[in-house]
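For reference, the structure discussed in these notes is given below.
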Amino acid sequence: MKQALKPLAGCKDMPNNSSMLVNIYSDGDFILYRNENGDLMLSSSLCPHQNEPLDHGHFQDSQVICRRHHLIFDLKTGECLNACGYSLQTLPVVIRDGVICALYWED
């Protein structure tokens, strides 16, 4: 396995307080978030509780809240903050030459 970079968006295309659905692997989507401080976070796109799309959830600071059952996830760690046993997959994000990229492992 080796580490790879997946270009996601140009820095200019991702203003603060925004999110966008992106594809990293062939079997699932992720959501790229940029908070009011400009911090970038990348997580799986579905709530692990009942597969509710998180791109319809409420995003603030470094957290997203699932709209169905109000589970709160820390986007930096993937940890669910108000229920045990749930977490999101998160991936590191880097900026290369003005392009936001996901850092992930590939075969």
- Task: Count, please, the residues in the stretch 68-107 that happen to be outside any strand (DSSP E or B), surrounded by 15 or more Cβ atoms within 10 Å (Cβ to Cβ) and of a type in the set (A, V, I, L, M, F, W, C).
- Result: 3
- Checked Glu52, Glu36 against criteria (of a type in the set (Asp, Glu) and in contact with a Cys (Cβ under 7 Å, 6 or more places away or on another chain)); the one match is Glu52
- What number of residues within the stretch 31-48 are in a strand (DSSP E or B) and out of contact with any Pro (no Cβ under 8 Å at 6 or more places or on another chain)? 7
- Task: Hey, can you tell me all the residues within the stretch 4-30 that are within 20 Å of Gly98 (Cβ to Cβ) and either assigned to a strand (DSSP E or B) or within 11 Å of the chain's Cα centre (by Cα) (or both)?
- Result: Ala4, Leu5, Lys6, Pro7, Leu8, Ala9, Gly10, Ser18, Ser19, Met20, Val22, Ile24
- Message: I'd like the full set of residues that are touching a helix residue (DSSP H, G or I) at 6+ places or on another chain (Cβ under 6 Å) and surrounded by fewer than 18 Cβ atoms within 10 Å (Cβ to Cβ), limited to the stretch 6-44.
- Response: Leu21
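Just so you know, all these numbers are worked out from the coordinates, no wet-lab data involved. Source: prediction; values computed, not measured. Positions of Cβ are backbone-derived with ideal geometry, glycine not excepted, and every protein chain shown enters the neighbour counts.
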